[in-house]
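The values are calculated or read from the model by the stated rules, or taken from the named source; none is laboratory data. Because the structure is a prediction, the values reported are computed rather than measured. Neighbour counts are summed over all protein chains in view; Cβ atoms, including those assigned to glycine, are modelled from backbone coordinates with ideal geometry.
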Ligand SMILES: Nc1ncnc2c1ncn2[C@@H]1O[C@H](COP(=O)(O)OP(=O)(O)O)[C@@H](O)[C@H]1O
Ligand SMILES: [Mg+2]
């Protein structure tokens, strides 16, 4: 869907040229960008923040025109589809192997496109290692359980290590690990406003870099650092919500996989938290916006992945280890229940 999406241009729509100029100045370059815009936010960015009733009406009209053009050209789905059509559409989604067969079967094939997969866990639990391994596996062609595309890696914690990806690729027997590194587009983020701008323009970057996988490591670290104190919580959550919803729409319209990592916080009195009292941060906003929620725990030398929430996976868990080659299966183990 995404490749032909670039062929529909804003100029092909019945929109006044001065509005097209304004949209482009606001970073809305394609009909796709416009179709997934939220009208009142469009007024803020494209009409200079002077929100009048007329502007909002115009913005709604623009978004509706963009959506109609995409539906008419078969690039976007109409408002109502039958369940049968939706099942057919799900056959188009792609799954990216994690390089670890048990983790893949736990995920029913791998990390999915058209969805946001959240990976939460304490420091050192393997969140970034999963991302690095996916950087290598996503590059594999579709018939080898990859996504056959490039990767966008958004690093908010300043922990991205290209040499680690090189090592994983080398240990997987890839002859030219440099080739893989050239297909990973990394963006280091300095503050939440920077993250917002990058996500706002991500549709364009996905097309420009031909990305099939977008990772944000981590989605919440900067928000937690910048919005301290109870008084700022509502604003933090609202801003996080906007980012997550944009990611969710991008995942769907571009048929790409989105992986976000999340931190955990201690909730000793919360019965729904794990045995160690840890649960993912970000509250309901994270819970509602993400499609699959995976919690990682350290367990001696291995790691446990728990499927905490999913529209179609059972509550389940599996074990993997982190080696020089990235994620690996572990030998059969006996769960004594004492390790974590
Ligand atoms: N080259 C490597 N070989 C084997 N294990 C590694 C290697 N690099 C990192 N690890 C493992 O990964 C852990 C760090 O995981 P990481 O994903 O970076 O944590 P986080 O969840 O904080 O992002 C380390 O504690 C170590 O166990
Ligand atoms: Mg990390």
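Suppose we filter the stretch 217-255 for residues that are within 16 Å of ligand 1 (Cβ to nearest atom) and part of a helix (DSSP H, G or I); how many remain?
Total satisfying the criteria: 4.
Could you check residue 184 against (1) at pLDDT 95 or above; (2) out of contact with any strand residue (DSSP E or B) (no Cβ under 8 Å at 6 or more places or on another chain); (3) crowded, with 16+ Cβ neighbours inside 10 Å and say which number it fails?
Looking at each condition in turn, residue 184 falls short on (2).
Assess whether residue 73 counts as being surrounded by fewer than 22 Cβ atoms within 10 Å (Cβ to Cβ), out of contact with any strand residue (DSSP E or B) (no Cβ under 9 Å at 6 or more places or on another chain) and touching a residue at least 24 places away in the same chain (Cβ under 8 Å).
yes
Within the stretch 114-132, is there a residue that is within 13 Å of ligand 1 (Cβ to nearest atom), in contact with a helix residue (DSSP H, G or I) (Cβ under 7 Å, 6 or more places away or on another chain) and closer than 21 Å to residue 167 by Cα?
yes
Yes/no matrix, rows are residues, columns are (1) touching a strand residue (DSSP E or B) at 6+ places or on another chain (Cβ under 6 Å); (2) surrounded by 16 or more Cβ atoms within 10 Å (Cβ to Cβ); (3) in the same structural domain as residue 25 (by TED's automatic domain parsing):
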residue: 117; (1), (2), (3): yes, yes, no
residue: 132; (1), (2), (3): no, yes, no
residue: 141; (1), (2), (3): no, no, no
residue: 150; (1), (2), (3): yes, yes, no
residue: 154; (1), (2), (3): yes, yes, no
residue: 158; (1), (2), (3): no, no, no
residue: 166; (1), (2), (3): no, yes, no
residue: 169; (1), (2), (3): no, yes, no
residue: 202; (1), (2), (3): no, yes, no
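Determine, yes or no, whether residue 87 is within 19 Å of residue 306 (Cβ to Cβ) and either within 16 Å of ligand 1 (Cβ to nearest atom) or not assigned by TED's automatic domain parsing to the domain that holds residue 188 (or both).
No: the conditions fail for residue 87.
Answer yes or no as to whether residue 192 is more than 16 Å from ligand 2 (Cβ to nearest atom), at pLDDT below 90 and within 21 Å of residue 157 (Cβ to Cβ).
No.
Working carefully through the options 264, 214, find the one that is touching a residue at least 12 places away in the same chain (Cβ under 8 Å), within 16 Å of ligand 1 (Cβ to nearest atom) and assigned by TED's automatic domain parsing to the domain that holds residue 281.
Only one candidate passes the filter, namely 264.
Does residue 203 count as at pLDDT below 95, more than 16 Å from ligand 2 (Cβ to nearest atom) and in contact with a helix residue (DSSP H, G or I) (Cβ under 9 Å, 6 or more places away or on another chain)?
yes
Would you confirm whether any residue within the stretch 220-228 is more than 16 Å from ligand 2 (Cβ to nearest atom), modelled with pLDDT of 95 or more, farther than 23 Å from residue 290 by Cβ and over 14 Å from the mean Cα position of the chain (by Cα)?
The answer is no, given that none of the residues of the stretch 220-228 is more than 16 Å from ligand 2 (Cβ to nearest atom), modelled with pLDDT of 95 or more, farther than 23 Å from residue 290 by Cβ and over 14 Å from the mean Cα position of the chain (by Cα).
Would you mind finding the one in 124, 173, 146 that is on the phi > 0 side of the Ramachandran plot, assigned to a loop (DSSP other than H, G, I, E, B) and more than 16 Å from ligand 2 (Cβ to nearest atom)?
Checking each option against the conditions leaves just 173.
Which of the residues belonging to the stretch 94-121 are part of a loop (DSSP other than H, G, I, E, B) and free of Cβ contacts under 8 Å to residues at least 60 places away in the same chain?
Hits for the stretch 94-121 are 97, 109, 110.
State yes or no: is residue 258 surrounded by 14 or more Cβ atoms within 10 Å (Cβ to Cβ) and within 16 Å of ligand 2 (Cβ to nearest atom)?
Here the answer is no, as residue 258 does not meet what is asked.
Tally the residues that are at pLDDT below 85 and surrounded by 12 or more Cβ atoms within 10 Å (Cβ to Cβ), restricting the search to the stretch 3-21.
Total satisfying the criteria: 3.
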